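Beneath this line is the structure, given in C-alpha cells, with notes to follow.
The values are calculated or read from the model by the stated rules, or taken from the named source; none is laboratory data. Note that the coordinates shown come from a computational prediction; the quantities given were computed from them, not determined experimentally. Cβ placement follows ideal geometry from the backbone for every residue including glycine, while neighbour counts extend to all protein chains displayed.
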C-alpha cells in the first residue's frame with residue numbers, strides 16, 4: 001500500500017511517497033516534492049491547490065495521506081495558510097487523511113526505528129519530516 005507523508009510549512013505542502021510491498025519499503029519517484037500556494041491567494045488558488053494535490057495522489061495510486069500535525073498555539077504554532085492547506089487536503093473525498101501528532105511520531109519511532117538513515121533514502125533534506133510521517137503512517141496502519 002502506498003502512502004503519502006505531508007509536512008505543511010508556511011504555504012508549502014512537502015510530500016513524500018512511501019510504499020510497502022511484502023515487508024520491503026519502496027520510495028517511488030515523484031514528479032513533485034512540494035506543492036505551494038501563493039502568499040496572496042484567492043479562493044480559486046486554494047481550489048487549484050486542492051485539485052493539483054488530488055490529481056497527484058490519483059496519478060500515484062495513493063489513497064492514504066498522513067499529515068504531520070502542527071501546534072495550534074505557542075512558539076512553534078503553524079500559520080493560518082498551513083491550516084487552510086490541511087483543510088483543503090482533508091476535504092478531498094477520495095483520500096483517507098490522518099493527522100499525526102509529534103508525540104505519536106516520537107513514540108512510534110521509539111518502538112519502530114527507521115530501517116535506514118534518512119541520508120541514504122535519496123530524498124532531499126527538506127523532505128525528512130514528510131518521509132518520517134509516511135513511515136510512521138505505514139507502521140500505524
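A few points about this structure:
- Residues located in the range 114-138, provided they are farther than 21 Å from residue 34 by Cα and exposed (fewer than 13 other Cβ atoms within 10 Å of the Cβ): 115, 116, 117
- Qualifying residue in the range 79-88 (condition: at pLDDT 95 or above and under 21 Å from residue 19 (Cα atoms)): no
- Residue selected from the range 4-25 under the condition out of contact with any strand residue (DSSP E or B) (no Cβ under 6 Å at 6 or more places or on another chain) and assigned to a strand (DSSP E or B), by the criterion surrounded by the most Cβ atoms within 10 Å (Cβ to Cβ): 8
- Residues (in a strand (DSSP E or B) and over 16 Å from residue 60 (Cα atoms)) located in the range 26-40: 36
- When the residues of the range 93-113 are filtered to those that are in contact with a helix residue (DSSP H, G or I) (Cβ under 6 Å, 6 or more places away or on another chain) and surrounded by fewer than 17 Cβ atoms within 10 Å (Cβ to Cβ), the one that is farthest from residue 7 (Cα to Cα) is 112.
- Pairs with Cβ under 8 Å, 6+ apart, first in the range 103-123 and more than 16 Å from residue 137 (Cβ to Cβ), second modelled with pLDDT under 95 and exposed (fewer than 12 other Cβ atoms within 10 Å of the Cβ): none
- Residue 73, sole failed condition from (1) buried (at least 18 other Cβ atoms within 10 Å of the Cβ); (2) over 24 Å from residue 31 (Cβ atoms): (1)
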